[in-house]
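All remarks here apply to the structure that follows.
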């Protein structure tokens with residue numbers, strides 16, 4: 001064996017003995033892990049937002065609201081521990097992780113306290129005087145507005161919501177942001193989940209400062225004109241949207257406006273469904289793609305224009321000038337787009353990249369993602385539990401991790417020497433880049449989309465391959481040009497070209513959505529399964545050494561556990577107005593055939609593509625004016641009475657009684673049913689599910705899952 005072979009064996013962790021090379025040394029696996037851990041030392045920082053997110057998640061997982069003093073106590077204790085062990089590397093890393101988690105937990109406590117505002121306790125009607133914060137016109141011509149009440153139905157300041165969301169369906173109704181208006185309205189508390197573990201709009205409303213939702217009885221009358229910078233900005237945003245919709249027209253105009261100002265209310269539902277089924281709905285969410293195309297195009301255009309002036313190009317740092325102007329352009333785009341979470345993340349990342357140019361420093365992409373996540377988690381920690389935050393960061397992290405690999409770096413290098421071969425290779429790299437980007441981003445966000453929306457776009461690759469070149473080369477460049485020319489009234493041709501690009505994109509979406517099985521529903525997944533998949537994906541993406549591939553293990557385990565969730569046998573909505581029973585075949589049988597949000601959500605969570613009318617036509621569910629009774633051989637008889645007379649009739653033959661009305665205690669006591677739940681139970685506990693386990697019945701309620709938190713209605717918490 002040569003000296004080089006011996007040295008190579010030593011480098012590989014093998015021992016040389018006379019006669020040859022033996023196997024791995026004892027504990028070589030630990031040695032390899034230690035080597036990887038040390039080699040990836042420059043990646044430790046990338047885990048800071050992960051532990052911040054763990055702290056935020058711990059806050060939202062609590063069943064009771066933690067005391068405010070913990071927001072100060074935990075970071076101080078964790079910071080003191082970090083200081084004490086700062087000279088011990090491994091202990092310092094563990095303490096830094098603990099400090100990051102404590103900081104995330106504290107940020108969530110502070111944020112929940114800072115946004116605290118009155119929430120309407122019960123439905124009320126009355127005269128509403130309010131300032132208009134924003135208003136969007138829907139596809140049907142109605143107005144969806146956010147208002148800041150000044151007075152409503154005689155409520156005092158401590159009872160009056162800070163902001164309300166109002167739906168105004170009155171023809172020709174108009175609202176100007178910043179104006180003070182008066183109208184008669186019906187306001188209600190933010191709705192609770194339709195399932196115990198379903199989407200909690202009330203929690204989202206709490207962090208948005210919304211204390212009520214409702215609708216208008218009368219058209220708004222303006223009592224004072226708009227004023228203030230915020231009103232001027234919102235008005236500008238609305239005017240830009242109106243200009244785009246007016247010039248482009250139709251559905252294409254609504255989509256084109258959404259790409260610039262973020263207003264999606266006027267996009268028809270069927271168009272949104274086509275975009276989702278084709279896997280390109282992300283185009284409507286203003287995020288990294290739009291920010292890069294917008295700010296990047298502006299940077300390139302300004303730099304190219306300045307380079308045409310030799311006196312400037314040779315004497316001044318025009319690249320830095322272009323970067324500064326691009327930052328201003330990205331900030332303007334952020335403000336007029338509505339500043340959604342995905343847009344905030346993209347703005348932070350693109351700004352960091354341009355600041356790096358200003359400072360003559362290289363921009364580390366994965367570090368930019370980590371910094372963006374840290375800023376958003378500390379500023380808006382509630383973003384963590386939203387699909388937008390999760391999907392946008394998952395896609396960006398996965399894409400950067402992929403393009404950091406040696407394979408991707410070699411593949412994207414332009415080895416051409418110029419001429420036709422270089423052009424062909426550039427086109428090939430671009431086309432394959434779209435394909436690989438779609439595959440990587442789709443794989444990264446697929447589990448999250450399936451968990452939140454119970455759907456997967458099977459032909460997303462085809463949709464993105466066909467649509468993204470149009471978005472990148474036509475739609476977004478023309479959007480930038482239109483915004484630059486709009487103040488001079490010369491934006492017509494640019495908007496026309498943008499509209500044609502949007503038309504082509506929508507045609508592609510409609511075609512792909514029409515393919516059989518394009519939009520596949522999947523049933524509700526286990527949260528623990530999603531967490532395993534996410535942890536494995538982070539481990540795979542954030543490290544660079546070989547131990548990263550250990551992340552595949554939790555990913556596989558997570559998908560193996562994906563459907564390991566208990567399906568409810570009986571579902572009752574939060575108002576005890578709709579019921580469903582799972583039959584022996586596993587399908588839900590509804591008590592009402594009318595379409596409703598609750599029925600649609602129940603069927604979607606079950607991956608059931610039927611309409612409510614179809615789900616209500618069950619041979620086992622018999623309904624009459626007195627209510628419904630579910631009878632299936634071998635299963636409990638379940639009655640859903642809607643009157644006291646029906647209660648008396650059903651008590652003698654039903655095993656389970658679920659009444660829509662309040663029932664006196666003596667009636668419930670004398671009833672022969674094994675389980676009796678009436679209106680007051682659901683009024684206190686919200687949406688409820690029953691799970692049959694042999695002769696036992698397990699009850700899970702929204703109140704039980706949500707706990708005693710600020711966004712849970714006070715009237716129900718105190719019962």
### Task
Pick out the one residue from 257, 313 that is in contact with a helix residue (DSSP H, G or I) (Cβ under 9 Å, 6 or more places away or on another chain) and modelled with pLDDT under 90.
313
### Query
Out of region 680-696, which residues are part of a helix (DSSP H, G or I) and either touching a residue at least 24 places away in the same chain (Cβ under 8 Å) or touching a strand residue (DSSP E or B) at 6+ places or on another chain (Cβ under 9 Å) (or both)?
681, 682, 683, 684, 685
### Task
Any residue in region 182-211 that's farther than 17 Å from residue 683 by Cβ: show its pairings with residues that are in a helix (DSSP H, G or I) at Cβ separation under 6 Å, as long as the two are six or more apart or on different chains.
197/705; 207/382
#### Entry: Residue match in region 254-267 (condition: surrounded by fewer than 23 Cβ atoms within 10 Å (Cβ to Cβ), without any contact (Cβ under 8 Å) to a residue 24 or more places away in the chain, farther than 20 Å from residue 471 by Cβ and under 31 Å from the mean Cα position of the chain (by Cα))
no
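Residues checked against (1) under 27 Å from residue 192 (Cα atoms); (2) touching a helix residue (DSSP H, G or I) at 6+ places or on another chain (Cβ under 8 Å); (3) assigned to a helix (DSSP H, G or I):
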position: 619; (1), (2), (3): no, no, no
position: 628; (1), (2), (3): yes, no, no
position: 632; (1), (2), (3): no, no, no
position: 661; (1), (2), (3): yes, yes, no
position: 667; (1), (2), (3): no, yes, yes
position: 703; (1), (2), (3): yes, yes, yes
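Give the residue that is surrounded by the fewest Cβ atoms within 10 Å (Cβ to Cβ), with candidates limited to residues of region 378-389 that are assigned to a helix (DSSP H, G or I) and within 14 Å of the chain's Cα centre (by Cα).
Applying the filter and picking the extreme gives 387.
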## Note on the structure
Picking from 405, 445, 426, 437, the residue that is under 24 Å from residue 370 (Cα atoms) and exposed (fewer than 14 other Cβ atoms within 10 Å of the Cβ) would be 405
### Task
Give 534, 471 a once-over and let me know the one that is buried (at least 18 other Cβ atoms within 10 Å of the Cβ) and more than 30 Å from residue 244 (Cβ to Cβ).
534
#### Entry: Qualifying residue in region 104-124 (condition: part of a strand (DSSP E or B), closer than 30 Å to residue 271 by Cα and either in contact with a strand residue (DSSP E or B) (Cβ under 9 Å, 6 or more places away or on another chain) or in the same structural domain as residue 48 (by TED's automatic domain parsing) (or both))
no
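Looking only at region 583-604, which residues are in a strand (DSSP E or B) and crowded, with 21+ Cβ neighbours inside 10 Å?
Residues of region 583-604 in a strand (DSSP E or B): 588-590.
588, 590 - these are the residues of region 583-604 that are in a strand (DSSP E or B) and crowded, with 21+ Cβ neighbours inside 10 Å.
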### Message
So if I check each of 97, 78, which one is under 31 Å from the mean Cα position of the chain (by Cα), assigned to a helix (DSSP H, G or I) and touching a residue at least 40 places away in the same chain (Cβ under 8 Å)?
### Response
97
### Residues of region 125-160 classified as without any contact (Cβ under 8 Å) to a residue 40 or more places away in the chain and part of a strand (DSSP E or B), total
8
#### Entry: Every pair of residues 6+ apart whose Cβ atoms lie under 8 Å, when the first sits in region 506-523 and is over 11 Å from residue 274 (Cα atoms) while the second is in a helix (DSSP H, G or I)
521/604; 522/450; 523/605
### Query
So is residue 607 under 30 Å from residue 373 (Cβ atoms), in a loop (DSSP other than H, G, I, E, B) and either more than 24 Å from the chain's Cα centre (by Cα) or at pLDDT below 95 (or both) or not?
no
### Some residue of region 44-61 being surrounded by 12 or more Cβ atoms within 10 Å (Cβ to Cβ) and without any contact (Cβ under 8 Å) to a residue 40 or more places away in the chain
no
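The values are calculated or read from the model by the stated rules, or taken from the named source; none is laboratory data. All of these numbers come straight from a predicted model, not from anything done at the bench. Heads up, the Cβs are rebuilt from the backbone with ideal geometry, glycines too, and the neighbour counts pull from every protein chain shown.
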